[in-house]
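Here is the structure we will look at.
The values are calculated or read from the model by the stated rules, or taken from the named source; none is laboratory data. Model, not experiment: these values are computed from the prediction. Every residue, glycine as well, gets a Cβ built from its backbone with ideal geometry; the counts of neighbours run over all protein chains shown.
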Amino acid sequence: MLLVAGVYDLWIPESTGRGILLDENLYLTNQCSTELGKLLSREFQAAIGTIERSHLLKGNAAAYWKNVPNQADPQPILKRWLQLLDAFFMALWTVRDNAVNCELGFVEHDVPGHGLAHSSNFKAALFVTARGKRERVTFSLEEVRLAREYFEKFFLSASFGIPLEQGGQFQQSHIQAASRAAVASAKGVHRIQRLMYFLTAARCSPDLGVKISLYMTCLEIMFSDKNVTEVSHRMSERVAFFLFRDPSERLEKYGRLKKAYDVRSKVVHGSVVSEGTQKEMPDVASDIDGLLRELVLRLMQDAAARAVFDLDDKAFEAYFARLTLGAVSPG
């Protein structure tokens, strides 16, 4: 089977050639006309249609996955592939805020006794920037390769709960077996996997009030426990102390988090947001987006920091009590 999808709002100035290898036989290329022109059969191009084919071949970027074992029903793997591309776009977000997306995915597969057949699927929710916009963002080849490293070492596991070997690539059998929890908040779903679910939802919301509310849910997932009270104060304090060491920086971030909580409170309780608050919301959303990026980077790079989120509620609460009283260092 061959799977292909256009990638939008991504600009890579340097040539990728046949593509940056994201996984086994999975490539991201900015040489769409050349590389896709080699891969797409005449029948596939006809099935895609004139308008979409033009978008693919003339686009700034595309992803393709070739030599995938044939399956009688290609829809499950096509849907999974679109989810996996989202996981890579989340890895790109860790490098820099962006609105990189794919919208439609296409597949060509061989039906025994009938020949080539074609199918498509689409993504209903698309990423926007922290400020709620869709705009093209430039990434260097080096930055895309860094995102690939994050994708391989963290985001596949964080999004789908599959154990990764450090530095190893996923095999197609692993990708096909990947799954997301049916209920993200169900018992047994790790904090980090829940974080990825709500962070993905936040990044897809163009409404800044909803986006900020989901961002704050992300932080509560990671920093709350069942005994926490005074949520706005305690969560803001824990995040500030966990991510930063300098007292003045902690105080600044604490104030920004409190402001975001005020927005979230108005939105989730159905209050009308004033014009003054509306003007502040793009900056508030961008602030919290940046804090979540700091958190995800810490989780990727610091095993001791990740271990904090494996603690049971009692040990978790004790850790943050010691952290805010200066008895332990962050991480």
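A few points about this structure:
- Residues satisfying the stated conditions in region 95-142, i.e. among the acidic types (Asp, Glu) and in contact with a strand residue (DSSP E or B) (Cβ under 7 Å, 6 or more places away or on another chain): Glu103, Glu108, Asp110
- Restricting Leu10, Leu3, Leu22 to residues that are within 18 Å of Trp93 (Cα to Cα), at pLDDT 95 or above and buried (at least 21 other Cβ atoms within 10 Å of the Cβ) narrows the list to Leu10.
- Tabulated pairs, region 312-331, first modelled with pLDDT of 85 or more, second assigned to a loop (DSSP other than H, G, I, E, B) and of a type in the set (Val, Ile, Thr), C-beta under 6 angstrom, 6+ apart or interchain: Arg322/Val328
- Contact map, region 205-234: first residue under 19 Å from Ile192 (Cα atoms) and buried (at least 18 other Cβ atoms within 10 Å of the Cβ), second residue among the polar types (S, T, N, Q) and at pLDDT 95 or above, Cβ cut-off under 8 Å, separation 6 or more or different chains; pairs are Lys211/Ser205; Leu214/Ser205.
- Residues of region 241-252 satisfying the condition of being within 23 Å of the chain's Cα centre (by Cα) and either without any contact (Cβ under 8 Å) to a residue 12 or more places away in the chain or crowded, with 20+ Cβ neighbours inside 10 Å (or both): Phe242
- For Ile12: the one exception among (1) in contact (Cβ under 8 Å) with a residue 60 or more places away in the chain; (2) on the phi > 0 side of the Ramachandran plot: (2)
- Flag if Ala62 is touching a Gly at 6+ places or on another chain (Cβ under 9 Å), closer than 29 Å to Ser15 by Cβ and surrounded by 14 or more Cβ atoms within 10 Å (Cβ to Cβ): yes
Residue by residue, here is whether (1) among the β-branched types (Val, Ile, Thr); (2) farther than 30 Å from Asp287 by Cα; (3) surrounded by fewer than 23 Cβ atoms within 10 Å (Cβ to Cβ); (4) at pLDDT below 95 holds:
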{"site": "Lys79", "(1), (2), (3), (4)": "no, yes, yes, yes"}
{"site": "Gln83", "(1), (2), (3), (4)": "no, no, yes, yes"}
{"site": "Ala91", "(1), (2), (3), (4)": "no, no, no, no"}
{"site": "Arg96", "(1), (2), (3), (4)": "no, no, yes, no"}
{"site": "Val107", "(1), (2), (3), (4)": "yes, yes, no, no"}
{"site": "Val111", "(1), (2), (3), (4)": "yes, yes, yes, yes"}
{"site": "Gly115", "(1), (2), (3), (4)": "no, yes, yes, yes"}
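- Residue that is nearest to the chain's Cα centre (by Cα) [pool: residues in region 260-274 that are in a helix (DSSP H, G or I) and surrounded by fewer than 18 Cβ atoms within 10 Å (Cβ to Cβ)]: Val268
- Residue match in region 78-89 (condition: within 27 Å of the chain's Cα centre (by Cα), within 14 Å of Phe139 (Cβ to Cβ), in the same structural domain as Glu108 (by TED's automatic domain parsing) and assigned to a helix (DSSP H, G or I)): yes
- Residue match in region 119-141 (condition: part of a helix (DSSP H, G or I) and modelled with pLDDT of 90 or more): yes
- Filter result for Val107 (of a type in the set (A, V, I, L, M), within 24 Å of Tyr150 (Cβ to Cβ) and not assigned by TED's automatic domain parsing to the domain that holds Phe198): no
- Region 90-118, subset assigned to a strand (DSSP E or B) and of a type in the set (Gly, Ala, Ser), residue farthest from Tyr197 (Cα to Cα): Gly115
- Scanning region 1-17 for residues that are closer than 23 Å to Val137 by Cβ and either in a strand (DSSP E or B) or in contact with a Lys or Arg (Cβ under 9 Å, 6 or more places away or on another chain) (or both) returns Val4, Ala5, Gly6, Val7, Tyr8, Asp9, Leu10, Trp11.
- If you go through region 25-69 and keep only what is charged (D, E, K, R) and either in a helix (DSSP H, G or I) or within 23 Å of Ala99 (Cα to Cα) (or both), you end up with Glu35, Lys38, Arg42, Glu43, Glu52, Arg53, Lys58.
- Among the criteria (1) under 27 Å from the mean Cα position of the chain (by Cα); (2) in a helix (DSSP H, G or I); (3) among the acidic types (Asp, Glu), the one Glu317 does not fulfil is (1).
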